[in-house]
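Visitor: So that we are looking at the same thing, I have put the structure below in structure tokens.
The values are calculated or read from the model by the stated rules, or taken from the named source; none is laboratory data. Remember, predicted model here, so these are calculated numbers, not experimental data. As a convention, Cβ positions derive from the backbone with ideal geometry for all residues, glycine included, and neighbour counts pool all protein chains shown. Remember, those area values only see protein heavy atoms, side chains included, never the ligands or the DNA or RNA. Shrake-Rupley method; radii C 1.70, N 1.55, O 1.52, S 1.80 Å.
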Amino acid sequence: MSTLKIPVRKFDAVIVGAGGAGLRAAIQLSESGLKTAVLSKVFPTRSHTVAAQGGVSASLGNSEEDHWHWHMYDTVKGSDWLGDQDAIEYMCRKAPEVVVELEHFGMPFDRTDEGKIYQRPFGGHMSNFGEKPVRRACAAADRTGHAMLHALYQRNVRANTQFFVEWMALDLIRDETGQVLGVIALEMETGEVVAFHAKATIFATGGAGRIFYSSTNAFINTGDGLGMAARAGIALEDMEFWQFHPTGVAGAGVLITEGVRGEGGILRNSDNERFMERYAPNAKDLASRDIVSRAMVTEINEGRGCGPNKDYVLLDITHLDPATIMKRLPGIREISIQFAGIDPIKAPIPVVPTCHYQMGGIPTNYRGEVVNQDGSVVKGFYAAGEVACASVHGANRLGTNSLLDLLVFGKSSGDSVVEAIKQNNVAHKDLPENFADLTMARLNRLETQTDGSSVNETRLELQRTMQKHCGVFRFKDMMVDGVAKILEVEKLVAKTEIKDKSKVWNTARVEALELDNLIEVAKATMISAEARKESRGAHVRDDAPDSEAFPNGRNDAEWHKHSLWHREGNKLSYKPVNMTPLSVETIALKTRSY
Amino acid sequence: MEASEALNKLRWRCTRRAMLETDLLLGKFLDEIFPALTPQQAAAFVVLADLEDLELWPLVNGSQECDDVSQAEVVAMLRRVRVK
Ligand SMILES: Cc1cc2nc3c(=O)[nH]c(=O)nc-3n(C[C@H](O)[C@H](O)[C@H](O)COP(=O)(O)OP(=O)(O)OC[C@H]3O[C@@H](n4cnc5c(N)ncnc54)[C@H](O)[C@@H]3O)c2cc1C
């Protein structure tokens with residue numbers, strides 16, 4: 001099929017993704033009367049946001065004194081000073097507002113005895129600029145993400161948002177000026193390819209955690225938004241930074257929430273020692289995720305791991321009252337039984353650091369507008385949620401800050417679109433003549449490939465390469481080899497072959513198209529990581545260790561800057577970190593210790 | 001819809017879910033157990049796969065019981081799946 005024959009549908013705005021970020025953005029658009037289409041690979045309330053159990057942060061101060069400025073400080077420090085301080089101030093100041101708004105949308109938060117939103121402690125949340133832990137995470141039992149999505153979805157139904165469910169966006173449409181004019185998408189039920197022509201396009205496609213072999217992410221997280229953006233010539237920011245969650249069930253990857261440590265869970269090594277006391281004397285088991293992950297890997301590397309292969313540590317909640325476990329952490333027991341074969345009331349759970357969250361993404365400002373290297377906006381293009389890099393998480397995200405990110409920047413991106421469309425009264429710009437040529441070439445290649453590579457095997461090869469060469473601890477030579485290896489994998493991706501050529505529900509085709517996106521993310525990650533010759537936050541290099549000149553291996557003189565990976569030629573460029581908050585003083589560079 | 005198309009659709013709904021837990025369990029079930037199910041059990045499984053994860057997961061992890069007899073039989077099979 002050629003571009004000419006592709007049906008075109010017109011909307012004011014199209015949002016790709018119906019998780020927390022997409023649904024939050026859609027409310028702003030639909031409620032302001034814009035004709036809005038939301039595309040999703042799955043029914044909205046089956047999006048990955050459902051998996052978020054722990055909570056959403058906001059300095060409500062319901063359980064004890066708290067302040068957005070303290071939250072901001074924790075976020076800057078958590079980010080290892082790579083987060084942009086304008087965006088971080090914006091997010092932390094907005095947090096109470098968007099959380100209370102969510103409550104009004106019907107979110108069933110847990111309550112204190114006085115009827116206020118219950119708040120629990122979480123790693124990295126401190127009061128008074130790092131002094132002592134504070135209860136800042138708002139939760140709805142261990143169903144926070146699920147409850148949030150339902151509240152947001154219902155609000156969208158009320159506002160008449162139009163959903164296109166089980167549609168996969170394939171590529172962005174850009175004209176010769178670089179303006180974004182919508183997306184090309186595939187309806188899975190029919191196999192039909194359709195153009196969504198829009199004045200504004202918001203990407204809210206979530207993360208890409210499936211680039212790693214061991215991941216807490218559901219299979220859907222294939223980084224489609226990143227792949228589409230990269231193919232359309234948008235650089236990807238800070239892709240070397242991936243957070244590994246300290247407590248994935250050894251083997252399966254399934255997450256044991258940080259809330260377990262919030263409620264009193266303790267990490268132990270093979271000597272039964274509470275080893276976090278040595279690494280983070282104040283925060284202990286509640287230190288920031290990368291600190292805990294690094295401590296666990298050090299214990300394992302130094303021979304104090306548990307089990308026959310000494311390759312995991314133990315998360316112990318056997319000292320907690322079983323009633324507390326059942327009440328505050330209900331799902332955890334079953335997960336442990338089904339995926340580790342352990343009843344945590346009776347025995348500790350085997351855990352290892354597992355890929356969890358992508359800090360980098362499509363570069364945006366705090367208004368959710370996608371930006372070029374010089375800060376100018378890409379007209380018509382917006383992004384929010386895990387796919388975007390605002391950048392509030394910098395080199396390391398604080399737990400519960402991403403549900404907050406998607407509420408705050410989902411809303412702000414929506415507001416930016418409304419403002420742009422309403423104030424400027426823009427009409428639809430004409431689509432370029434050959435707007436779908438590259439997409440059609442990609443689809444035709446897949447239809448006609450013979451003697452090609454298997455999608456499953458190639459994906460596994462990609463995931464193993466990333467895990468081995470670019471995992472939680474990074475080694476210089478391994479990364480150099482990793483770059484060469486991932487470029488070899490790219491060649492396999494370019495000749496994937498599918499046997500099933502049917503149109504209706506051809507999941508083999510969809511999986512091949514997802515792999516086209518995974519490879520872009522994998523290259524961006526490996527190449528950005530190899531180039532960054534320091535340790536910072538979640539990017540920890542063996543050849544950039546802690547020293548007097550470079551505490552924690554961080555080298556601000558050379559590396560206090562954001563990476564930008566450009567697909568064309570695999571080039572990297574860099575841009576400064578924003579150190580100018582909106583209203584308060586700069587939080588000056590400092591060594592990060594807990 | 002042809003049988004192969006229906007199976008593909010089911011595969012999508014089993015392996016593009018909200019939670020890794022159910023991706024792993026349902027994917028494994030579909031590959032290893034589903035082919036041997038009776039038509040009635042298969043139909044019950046399709047209904048279960050259509051549930052949202054936080055409806056399905058409580059049934060699988062035993063915190064909630066299933067009212068429907070034929071679904072309960074399949075839920076019991078799902079509970080026995082171990083992904084280690
Ligand atoms: C196990 C787990 C627990 C977590 N717990 C917490 C927590 O307690 N607190 C916290 O703050 N964060 C938590 N996180 C992180 C947080 O859940 C995610 O970062 C966040 O939910 C991402 O939301 P999103 O809206 O950006 O994307 P998602 O919710 O992943 O939604 C992405 C959407 O994009 C759609 N999509 C993707 N590609 C395409 C395409 N090509 N075409 C059409 N549609 C597409 C999908 O169908 C989906 O609707 C957790 C993450 C995991 C994995």
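Visitor: Filter the stretch B:56-84 down to the residues that are of a type in the set (A, V, I, L, M, F, W, C) and not in a helix (DSSP H, G or I), then identify the one that is farthest from the other protein chains (Cβ to nearest Cβ).
Guide: B:Cys66
Visitor: Among the residues of the stretch A:27-42 satisfying the criterion of being part of a helix (DSSP H, G or I) and polar (S, T, N, Q), which is nearest to A:Ala384 (Cα to Cα)?
Guide: A:Gln28
Visitor: Return yes or no: is B:Ser4 away from every other protein chain (no Cβ under 13 Å), part of a helix (DSSP H, G or I) and modelled with pLDDT under 95?
Guide: No.
Visitor: If A:Thr324 passes every condition in (1) open to solvent by 10 Å² or more (accessible area, probe 1.4 Å); (2) not in a helix (DSSP H, G or I) but one, which one does it miss?
Guide: (2)
Visitor: State which residue is surrounded by the most Cβ atoms within 10 Å (Cβ to Cβ) when the search covers only the stretch B:9-55 and only residues that are within 13 Å of the ligand (Cβ to nearest atom) and either more than 25 Å from A:Ser47 (Cβ to Cβ) or more than 7 Å from chain A (Cβ to nearest Cβ) (or both).
Guide: B:Thr22
Visitor: Let me ask something else. In the stretch B:21-71, what residues are within 11 Å of the chain's Cα centre (by Cα) and over 24 Å from A:Arg210 (Cβ atoms)?
Guide: Residues satisfying the conditions are B:Ile33, B:Gln41, B:Ala42, B:Ala43, B:Ala44, B:Phe45, B:Val46, B:Val47, B:Leu48, B:Leu59, B:Gln71.
To keep it simple, each residue is scored yes or no on (1) within 26 Å of A:Glu490 (Cα to Cα); (2) open to solvent by 10 Å² or more (accessible area, probe 1.4 Å).
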site	(1), (2)
A:Ala232	yes, yes
A:Glu240	yes, no
A:Val254	no, no
A:Glu263	no, yes
A:Asn282	no, yes
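Visitor: Considering A:Leu406, A:Leu329, A:Leu398, which residue is under 21 Å from A:Arg210 (Cα atoms) and open to solvent by less than 10 Å² (accessible area, probe 1.4 Å)?
Guide: Exactly one of A:Leu406, A:Leu329, A:Leu398 is under 21 Å from A:Arg210 (Cα atoms) and open to solvent by less than 10 Å² (accessible area, probe 1.4 Å), namely A:Leu398.
Visitor: I'm trying to understand the selection: among the residues of the stretch A:16-34, which are more than 8 Å from the ligand (Cβ to nearest atom) and within 13 Å of A:Phe164 (Cβ to Cβ)?
Guide: Once the filter is applied, which keeps residues that are more than 8 Å from the ligand (Cβ to nearest atom) and within 13 Å of A:Phe164 (Cβ to Cβ), the stretch A:16-34 yields only A:Ala26.
Visitor: Let me ask something additional. Return the only residue of A:Asp343, A:Asp374 being open to solvent by less than 50 Å² (accessible area, probe 1.4 Å), of a type outside the set (Val, Ile, Thr) and part of a loop (DSSP other than H, G, I, E, B).
Guide: Exactly one residue qualifies, and that residue is A:Asp343.
Visitor: Just checking, how many residues over the stretch A:526-549 are within 18 Å of A:Arg289 (Cβ to Cβ) and not in a loop (DSSP other than H, G, I, E, B)?
Guide: 4
Visitor: Quick one: would you say A:Asn444 is within 14 Å of another protein chain (Cβ to nearest Cβ), part of a helix (DSSP H, G or I) and either within 16 Å of the ligand (Cβ to nearest atom) or modelled with pLDDT of 95 or more (or both)?
Guide: no
Visitor: Right, next: Scan the stretch A:543-558 and give yes if some residue there is open to solvent by 30 Å² or more (accessible area, probe 1.4 Å), out of contact with any Cys (no Cβ under 6 Å at 6 or more places or on another chain) and within 15 Å of A:Asn396 (Cα to Cα), otherwise no.
Guide: Yes, because at least one residue in the stretch A:543-558 is open to solvent by 30 Å² or more (accessible area, probe 1.4 Å), out of contact with any Cys (no Cβ under 6 Å at 6 or more places or on another chain) and within 15 Å of A:Asn396 (Cα to Cα).
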